[in-house]
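The values are calculated or read from the model by the stated rules, or taken from the named source; none is laboratory data. Owing to the predicted nature of the structure, the values given are computational and were not obtained by experimental measurement. Here Cβ is always computed from backbone atoms with ideal geometry, including for glycine, and neighbour counts include all displayed protein chains.
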Amino acid sequence: MPSWACLSGEELKRSWTFFDEAIDLKTNEAKAICKHCSKSYAHPRTNTNGNWTSSLSKHIKTHEEKELQKSKEGSMDKFLKSNKNMRVLAKVDFDAILLETAVTCNWSFYQFDVPQFKYFLSRAFPEHRSPGRKYVKSLLAKAATKAREEIKERLAAETSKISLALDC
Ligand SMILES: [Zn+2]
């Protein structure tokens with residue numbers, strides 16, 4: 001078995017545009033270092049399995065595939081698709097965001113009956129019907145009930161912990 005392999009000029013040239021030749025100062029081993037991600041491989045001249053280009057080529061390929069994927073992601077088609085997914089809010093999310101904003105900004109319920117605001121919502125979220133004052137009121141009531149229940153549950157959990165602590 002030969003302990004070396006003849007490399008065609010093309011393979012060599014291609015690899016060394018992707019790898020730097022280096023010496024590991026701790027072990028004095030020659031290395032091939034990827035210029036993109038600094039991953040190191042045994043230097044082809046010291047690698048005795050005679051199969052070095054396949055691992056180096058494989059590594060180059062992983063970078064090329066990543067690049068390809070990136071360029072695909074950047075295509076208008078992908079952009080439009082992802083954009084569309086981001087645009088469409090589920091109704092429950094739409095309601096939650098509206099309610100949260102209204103509470104945080106201290107809006108009165110009448111905000112939702114202001115025609116200009118309704119127009120803005122219908123333009124910004126054409127998939128959703130802009131809610132009126134009554135609907136938002138009911139949302140808030142529901143959210144308040146839910147919050148109360150959550151607090152109750154949390155308190156119940158705490159009390160059981162406390163009583164446990166007192167028992168022992
Ligand atoms: Zn790399």
I'd like the full set of residues that are out of contact with any Asp or Glu (no Cβ under 7 Å at 6 or more places or on another chain) and assigned to a helix (DSSP H, G or I), limited to the stretch 118-138.
K118, Y119, F120, L121, S122, R123, A124, K134, Y135, V136, K137, S138
Go through the residues of the stretch 39-58 one by one and say whether even a single one is within 14 Å of the ligand (Cβ to nearest atom) and either modelled with pLDDT under 75 or under 25 Å from the mean Cα position of the chain (by Cα) (or both).
yes
Working carefully through the options A102, A96, A141, find the one that is exposed (fewer than 11 other Cβ atoms within 10 Å of the Cβ) and either out of contact with any Asp or Glu (no Cβ under 8 Å at 6 or more places or on another chain) or at pLDDT below 90 (or both).
A141
Is it the case, given these coordinates, that F109 is surrounded by 11 or more Cβ atoms within 10 Å (Cβ to Cβ) and either of a type in the set (K, R) or at pLDDT 85 or above (or both)?
yes
